[in-house]
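Everything on this sheet refers to the single structure shown next.
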Amino acid sequence: MLQRAPFLLENKAAQVTKAVFSNFDESNPQVLPNVWEAAFLTITTFKKWFKYINVDELFLPKLWKVLRQGGQGNGTVNYPNLRPLLSHLPPNHDIENFCINYMNNMRIGIQQKKIRSSQSESRALYVALIECLQYIILKNESNLALCETLIDEQLIVLMEWSLENGPAAYKTLFKQIAALIQYWHRNIELYPNYKTMCDHVWIKLKTLFENKIGMNEDYMARQIEFFLCLKSTTKPKKQLKVKFDGKDCKSGDDGQSHGETSTVSEEYFNCLNYLICSSCICCVNTIRRNPQPSIVDHLLYMVQEFENETLLKHLNSKVNSSENMIDVCTKIILPWIDDDSIRSRGVIDLLFIIFKYLKYEEKALVLKTLDKVPYEDCFGWCVAKCLSHPFNMDLEVQNWLGSKRVGDFLVRLMEYEIADKSSPEFSFLLKQTLTQTSNGDLLIRKNSVIEIIESLSACLMSPHNHPKTINTCARLGAYLAAFLYTESLKDAYSDKLLIGLFTLSCKNVYPEALTKDTIWEVNTAWQDVITLITGEIQKNELKILAETFAKIVEKKLFNAIETINSDKLVEKIVSFLNSVAKCKPLYVGELISLFIKRTIILQQAKILKHQIQLIEYLKGNLSDPYAYSMVDRDQLELIDEVEISKYFTWKEIMLSVITSPIDEDNDCQSDNGSTGNILLKLAQYTESIICELLHDIVLLESVNQNFKSVRNYVKLGDQLVNLKDKLFNILDHTDSDTQLKVCAILVDKAGKEGWLWTNTVHLWFVEMSNYSAIKVYDNLLPSMNTKLAKLHLTQILGSNLSYDNIHCKVGPVGDVVILRSLLHCDEIDVQIAEVFKKIEILEYFFNVYTIDFMNWIQVQVPIEIMRMFTVLVNTRTNQLNSRQWQLILVFLSTWSRKISVIKSICDNIQISAFILSIVKLFAAITVYIEELAEEQPANSLIDEWKLVFDIPISSDIMSIWLYLSEKYECKVNKMSITDMVYLHELGNVIGHVNGNYIFLTDIAGMPEWSKVFDQCCTLLINSEHSLQLWGYNMLTSLSSGLIEISVDTNTSHEKDMIFEQLKDLLDGTHNMVNNMLLDFK
């Protein structure tokens, strides 16, 4: 009714007023909004409302109760209505008492526990309290005594309470108080007494803070918060919550005072600076009496937030009675550095705030003093400050940063960082060391930067020695590289950091030590640097850098003990080449050659090539009956199975590199102007690269065929498949002209050198190009410039040829070799007969029984004859007549007798081949005789063999077995791969010797069985597998004879039980066998 039809209640004013204000202390939150609305409607509808009730007895007690109880838990509803209510209260003859009671009750309400625990309640009450105080003072601004009393007893008391133990929402109160003081300053022209009140407030605040300085850290933090609120000026409110009567106050209809300025006067900031300065003075004096780090920090915060020259000069004049700013440094701050109790980064920060206002010579004096600071942490704070902006732009500071003391400190800091002894606050300092001057130079002396780079690079190159700090150092290195290798500095410093980053990117570091993000930063850093410097340096300089990178990759592979990640190395090389290609694609070809043709690779290729040639010769796959054309094995450096595996791993890496795609962002073009898609397009002499790869595949095929017992056999097989697959990929990207050049090179190499190049011809033309072997033979034979090349081509393609295809003249011994290569053909009885006639002629003319074993050509005659006899015995015994058999047996018996004569020169390759050919022929005949004995026991050949040939030849073989086993036992660690294959080939056939003959005492030249047995036992525990095979096979041959001796009670042995001795030996080999098996896993 009061809202819609107030005229109906005009005669009921007394009843309505009494009813409304009787329930004014209502606390039910659901009813409370209606109660307050009814109260406002009553006092606005009935202008004389206070005449209808006893205000002192009915209204004020309830109002005081609401205020003292903090709104009775409904502050967010009650408090916004307090100032509007205050503006409609009845005239009071005791205004001072009313105002004081009103504000006292509000302040008591603020301190209620339930109010302090509620953010929303606290904020609402703070806003209401200050607004009410502002209104009361506005209404009574002429009564200075009352206003100052309210300021002292309400505002200052409330301020002190909030600083010491006020609620969490104290910031709201501080903002309200600051806004109130700013309001008074803005309206001094309208209300002159505000000037007096403002002065009074500033004095009271100054006294408050002077008495409480250093109370506790929480107090000082709140004090700073209050200062910040005073510093932050707020715009005047455009509209108050209630309109005031124009007769009572100087305001417009919108509640904003006429003439009120929107900005705070300069006097306000002068007063604020004075308050801050007085607090700073108190801090300085307190520190002098009782040094406390917290007060230093408090002082620093005030100076930082309110920094200005006037403030600092005033501080200096009050503390030092001086106008010279240098005195603040020398008399106040610098002495604090020597005080252990307060020395901190805050002291240095204070010093450099003053530093900005010093003159040139004064700055020099301060820096000279700092140069003598003995405390390393404090000196580090000084350096960090000087490196930061704007101090690093000061010429005097730049000169100081370039001093030896600063440089040495930063070098030590780098060492601390690497050793994980650096504090976190200094970790970032190293990044600042590369701050540049306006002309692009570094602030730090060059020698110190070089030392830092050297220490950091050493860490990057050995990450496993620094697992705790490598991640930090790697990120630092990537950061520094961006500064060091700029256009202005790229030539000033060495490439060590760049090399260190590349080295780290090639290493396998545990993920716990180096994160993926850091690895990305490192890779990006060195690749960006390569791209930058490629466009700036000369080609020779780039090649020197590439050589260094290639050595890193080479070392990573060839010095590695553990298995390496070859894909990772491929990625690094490809990234390097692509980075170069972004600027200089024409340089990439030479760099590819630089990576491919490493010195160690060329050396190993030479060694491996000659060793494989010797192996192929020993096994008879490639013969050399004309003149010695190989390097003797004793003149070759050793290369073991691990080195061989690494050699082909490098080849695999290089092949992966040149078949990797070119970065599409490079826009690189090949020589013919078209955009290339693999790096091979940018390479030089592509045809030579392909030929060398083909030759390497031939080498690897031979290794795979001859080293099946090595632990890397499976890996080598996988590498062979991978190399062939990638080579096919290359051919898909190779034009016809290049392929024709490949053909020409291969034919030329095979024609001049023969040997493995003929295998390469077979690989290229027959296997990869799918040409007919007969067609290849017919077309290439005329290009073979030597008899040896013709012979080798016939041997390699022989499995696909017949005698009708052969039309080359290679001499009598060559004919023997060709027959051996074509024994797979049908209906070649005539050719066999013809070769036997040639052998008889050789016997007549050359007297093969008395050959000079130092004469290469003479030795090849029996070798090739016995090799051909061996294949005949293994494959075509039914085609041999008695005359031919007789020739075979006589030749074998005669030549076996030469073994004892030539064993002293058995290191010569032709002698090894001679011995091997004898043993293999003996084994073939032994197998045939055993089979013949089962099928035709009465055959005369059997008796002839056993009675005439078997025992003396076995004696010769046993003798050479013992001699060679003792010889190689002593050179296990010095054996070449040729020796290993030789031992393996002999070991496979040595078991065909009849071991029982050794127990016969009437055989001339036969070694003692006990000596052979002891040697077998020694070989079984040898580290070389081939020698173990020797011992095992021979022991197997002796087994039946050893059993007879052991059970024969009439035979005594110095070690009693032979098999007990053997059992002890085998027990001792248990661990060795387990280790061998682990090697193959």
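Of 418, 234, 819, which is farthest towards the positive pole of the chain's charge dipole, taken about the Cα centre with +1 and -1 on the beta-carbons of Lys, Arg and Asp, Glu respectively? Working it through, the farthest residue towards the positive pole turns out to be 234.
Using 0.36 nm per residue and subtracting the Cα-Cα separation, the extra length available between residue 733 and residue 600 on full extension is 45.0 nm.
For residue 715, a cut-off of 19 angstrom between C-alpha atoms picks up these aspartates and glutamates, skipping any fewer than 8 places away in its own chain: 562, 567, 640, 641, 643, 652, 696, 701, 725, 1079. Phi-derived couplings, Karplus 6.51 cos²θ - 1.76 cosθ + 1.60 at θ = phi - 60°, listed residue by residue for the stretch 690-695: 5, 4, 5, 5, 4, 5 Hz, with x used for Gly and Pro. Using the rule -39500 (n - 2.57) for each DSSP H run of four or more residues, divided by the residues of the chain, the 222 nm mean residue ellipticity is -20000 deg cm²/dmol. Under a model in which nothing but the beta-carbon of Lys, Arg (+1) and Asp, Glu (-1) is charged, the stretch 961-1005 shows a dipole of about 160 debye around its Cα centre. Projecting the Cα positions of 355, 723, 788 onto the charge dipole of the chain (unit charges on Cβ atoms of Lys, Arg, Asp and Glu, taken about the Cα centre) puts 355 furthest along the positive direction. About its Cα centre, the chain has a charge dipole of approximately 5100 debye under the convention of +1 per Lys or Arg Cβ and -1 per Asp or Glu Cβ, with nothing else charged. With Cα atoms defining each centre, the stretch 983-1018 and the stretch 141-192 are spaced 117 Å apart in the structure.
Only one residue of 839, 300, 158 has its Cα farthest out toward the positive end of the dipole of the chain, where Lys and Arg carry +1 and Asp and Glu -1 on Cβ, and that residue is 158. What angle do you read, to the nearest 10 degrees and between 0 and 90, between the alpha-carbon axis of helix 599-619 and the longest principal axis of the chain? The two axes meet at around 30 degrees.
A DSSP coil position with no more than 14 other Cβ atoms inside 10 Å describes the following GluC sites (Glu not before Pro) in the stretch 147-234: 189. Under the combined filter of DSSP loop state and at most 13 neighbouring Cβ atoms within 10 Å, the stretch 955-1026 retains these trypsin sites (Lys or Arg not before Pro): 971. Computed from Cα atoms, the angle from the helix 309-319 axis to the main principal axis of the chain rounds to 70 degrees. If R0 is 25 Å, the Cβ-Cβ spacing of residue 934 and residue 881 corresponds to a FRET efficiency of close to 0.70. 3J(HN,Hα) along the stretch 392-399: 5, 8, 7, 4, 5, 5, 4, 5 Hz, from the Karplus curve 6.51 cos²θ - 1.76 cosθ + 1.60 with θ = phi - 60°, whole Hz, x for Gly and Pro. Placing +1 on each Lys and Arg Cβ and -1 on each Asp and Glu Cβ, with no other charges, gives the stretch 95-194 a dipole about its Cα centre of roughly 540 debye.
Amide H contacts of residue 624: none lie under 5 Å away among residues 5 or more positions distant or on a separate chain (H built 1.01 Å from N in the peptide plane; Pro and chain starts excluded).
Between the stretch 576-623 and the stretch 205-236, the alpha-carbon centres lie 78 Å apart. Per residue of the stretch 813-827, what does 6.51 cos²θ - 1.76 cosθ + 1.60 with θ = phi - 60° give for ³J(HN,Hα)? Whole Hz please, x for Gly and Pro, Karplus curve as stated. Taking θ as phi minus 60°, the curve returns 5, x, 5, 4, 5, 5, 4, 4, 6, 10, 5, 6, 6, 8, 6 Hz for the stretch 813-827. Between the stretch 723-768 and the stretch 333-363, the C-alpha centres lie 78 angstrom from each other. Note on residue 749: aspartates and glutamates with a C-alpha under 12 Å away, same-chain residues under 8 apart excluded, are 692. With contacts taken as Cα pairs under 8 Å and at least 6 residues apart, the stretch 117-206 reaches a relative contact order of 39 percent.
Dividing the mean sequence gap of close Cα pairs (under 8 Å, 6+ apart) by how many residues the chain holds gives a relative contact order of 5 percent. Once the Cβ-Cβ distance of residue 593 and residue 513 is raised to the sixth power relative to R0 = 35 Å, the FRET efficiency obtained is 0.45.
For trypsin sites (Lys or Arg not before Pro), the sites in the stretch 847-921 that DSSP calls loop and that have at most 16 other Cβ atoms within 10 Å are 876, 897. Close amide-amide hydrogen proximity is noted between residue 678 and 662, each under 5 Å apart and 5 or more residues distant or on a separate chain (H modeled in the peptide plane; Pro and chain starts excluded).
Bear in mind these aren't lab numbers, they're just calculated from the coordinates by the rules spelled out. The shown structure was predicted, so the numbers you read here are calculated from the model rather than taken from an experiment. Positions of Cβ are backbone-derived with ideal geometry, glycine not excepted, and every protein chain shown enters the neighbour counts.
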